[in-house]
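The values are calculated or read from the model by the stated rules, or taken from the named source; none is laboratory data. These numbers come from a predicted model, not from an experiment. Note: ideal-geometry Cβ built from the backbone for every residue, glycine included; neighbour counts use all protein chains shown.
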Amino acid sequence: MNKKRCISIIGSTGSIGTQALEVIEKLQDKFEIIALAGGNNVELLKSQAEKFKPKYIYASKPISVSGTKTLSSLDEIAANKENDIILVACSGKIGLKPTLKAIENGIDIALANKETLVMAGDIVMKKAKEHGVKIIPVDSEHCAIHQCIKDISQVDKLIITASGGPFLHKSVDEMKNATVAETLKHPRWNMGKKITVDSATLMNKGLEIIEAHHLFGFDYDDIEVVIHPQSIVHSAIEYKDGSVIAQLGLPSMHIPIQYAITYPDRFEGIKSRSFSFSEIARLDFEEPDFEKFPTVKLAYKAGKIGGTATACLNAANEEAVFAFLDGKIKLYQIYEITKKIFDEHEVIQNPTIDEIFEVDNTIREKTRAYIAQIIL
């Protein structure tokens with residue numbers, strides 16, 4: 001990086017966005033921030049803008065920062081060719097259209113938004129190839145795989161690790177009766193509420209399988225999940241000759257964020273401490289219990305069906321998670337509700353973006369209506 005890399009962050013007030021700004025602050029001589037976009041946390045966005053002085057800001061509520069222009073849409077950020085790279089760090093379907101807009105404008109993407117590939121992976125990856133755009137994954141698992149691959153044509157299998165979440169060694173009954181507070185106590189990672197619940201049900205891993213399929217072009221039968229409670233091995237690949245290459249590191253999102261936004265360069269950045277094999281002492285692995293965590297099998301099924309099946313899975317699960325967080329349903333009901341809505345969905349193959357959003361809206365309405373019915 002001989003000159004400053006121009007970057008915009010969509011979702012700067014979220015968990016990934018705030019950590020990305022910490023990375024950039026450490027490497028401030030390497031970056032120029034073009035734009036910051038946040039949601040409802042206007043006060044945090046304002047303080048970020050005052051500190052980092054981007055050219056532009058966008059918020060869902062009115063905001064004014066001296067010396068910074070307020071934009072009226074995320075598309076204005078995504079279409080700005082001043083950007084060398086855009087970090088899509090927002091959660092939900094809101095990240096999909098700006099990602100496509102940035103790709104159409106030839107801007108590289110650091111992707112931390114699951115919905116973009118789960119909902120429309122075929123469309124997004126095709127457009128990226130057409131426009132010569134790099135999509136660098138921020139998720140620790142996909143980032144690990146990206147770092148391990150030297151020649152993708154020689155790779156036989158992807159191995160995605162999972163911590164197992166807070167209920168790995170709990171009984172099914174304990175999991176069924178888990179409170180929201182217990183569910184949100186992740187043993188290794190500090191994440192947003194929705195993704196933490198997904199980690200507890202292992203749906204997060206199911207969505208990552210779908211993402212990996214699109215990012216790396218592997219068949220679902222060649223993507224394996226393994227439970228690794230220590231979260232030190234972030235994922236691995238197996239080459240055709242049987243060699244296995246893994247990426248290891250302490251559980252810190254600063255590392256994959258920095259990798260994604262500085263790729264292909266590496267710099268000394270934020271480190272909690274140097275990695276020590278002797279201090280880690282042991283690494284454990286086990287197969288997932290698909291009876292206890294059936295969400296993973298459902299995600300495999302959705303991925304193999306393709307079309308709008310994955311958009312349906314994502315929307316139904318998200319609405320069920322929101323209902324759980326609101327205290328309306330039990331944890332185990334998230335899977336039951338998601339599966340019911342999924343089983344009733346009539347899949348559209350090769351959908352357009354408009355059809356994907358229409359399915360997303362319809363599934364959300366159906367899921368909310370079903371939840372309202374069962375809690376009466």
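Scan region 328-376 for residues that are among the β-branched types (Val, Ile, Thr) and part of a helix (DSSP H, G or I) and jot them down.
Within region 328-376, Ile334, Ile337, Thr338, Ile341, Ile353, Ile356, Val359, Thr362, Ile363, Thr367, Ile371, Ile374 qualify.
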*Go through region 184-208 residue by residue and tally those that are on the phi < 0 side of the Ramachandran plot and surrounded by 23 or more Cβ atoms within 10 Å (Cβ to Cβ).*
11
_Let me spell it out: the conditions are (1) outside any helix (DSSP H, G or I); (2) under 23 Å from Pro351 (Cα atoms), and Lys81 meets all of them except one. Which number is the exception?_
(2)
*Enumeration of residues in region 226-254 that are in contact with a Ser or Thr (Cβ under 8 Å, 6 or more places away or on another chain) and β-branched (Val, Ile, Thr)*: Val226, Ile227, Val233
*asked:* Out of everything in region 92-149 that is touching a residue at least 40 places away in the same chain (Cβ under 8 Å) and over 18 Å from the mean Cα position of the chain (by Cα), what residue ends up being surrounded by the most Cβ atoms within 10 Å (Cβ to Cβ)?
replied: Cys148
*asked:* With the structure loaded, tell me whether His186 is under 27 Å from Glu287 (Cβ atoms) and either modelled with pLDDT of 95 or more or not hydrophobic (A, V, I, L, M, F, W, C) (or both) or whether it fails that test.
replied: yes
*Failed condition for Asp139, given (1) touching a Pro at 6+ places or on another chain (Cβ under 9 Å); (2) acidic (Asp, Glu); (3) farther than 30 Å from Ile245 by Cβ, with all others met?*
(3)
*If only one of Glu358, Glu318 is surrounded by 14 or more Cβ atoms within 10 Å (Cβ to Cβ), in contact (Cβ under 8 Å) with a residue 60 or more places away in the chain and charged (D, E, K, R), which one is it?*
Glu318
*Output the residues belonging to region 28-52 that are in contact with a strand residue (DSSP E or B) (Cβ under 9 Å, 6 or more places away or on another chain) and without any contact (Cβ under 8 Å) to a residue 24 or more places away in the chain.*
Lys46, Ala49, Glu50
*Positions within region 321-347 being surrounded by fewer than 19 Cβ atoms within 10 Å (Cβ to Cβ) and farther than 24 Å from Ala178 by Cα, in sequence order*: Asp343, Glu344, Glu346, Val347
*Which numbered condition Pro264 fails, given (1) within 16 Å of Pro137 (Cα to Cα); (2) touching a Ser or Thr at 6+ places or on another chain (Cβ under 9 Å); (3) not hydroxyl-bearing (Ser, Thr, Tyr)*: (2)
*Can you spot a residue in region 301-309 that is assigned to a helix (DSSP H, G or I), surrounded by 15 or more Cβ atoms within 10 Å (Cβ to Cβ) and touching an Asp or Glu at 6+ places or on another chain (Cβ under 8 Å)?*
no
_Test of understanding: among Lys93, Lys127, Lys81, which residue is modelled with pLDDT under 95 and either of a type in the set (S, T, N, Q) or on the phi < 0 side of the Ramachandran plot (or both)?_
Lys93
*Would you call Tyr300 among the hydroxyl-bearing types (Ser, Thr, Tyr), under 26 Å from Ala178 (Cα atoms) and modelled with pLDDT under 95?*
no
*asked:* Just to confirm my filter: which strands (runs of 3 or more DSSP E) fall fully inside region 173-288 and include at least 1 residues that are farther than 16 Å from Ala162 by Cβ and either more than 15 Å from the chain's Cα centre (by Cα) or aromatic (Phe, Trp, Tyr) (or both)?
replied: 233-239, 244-248
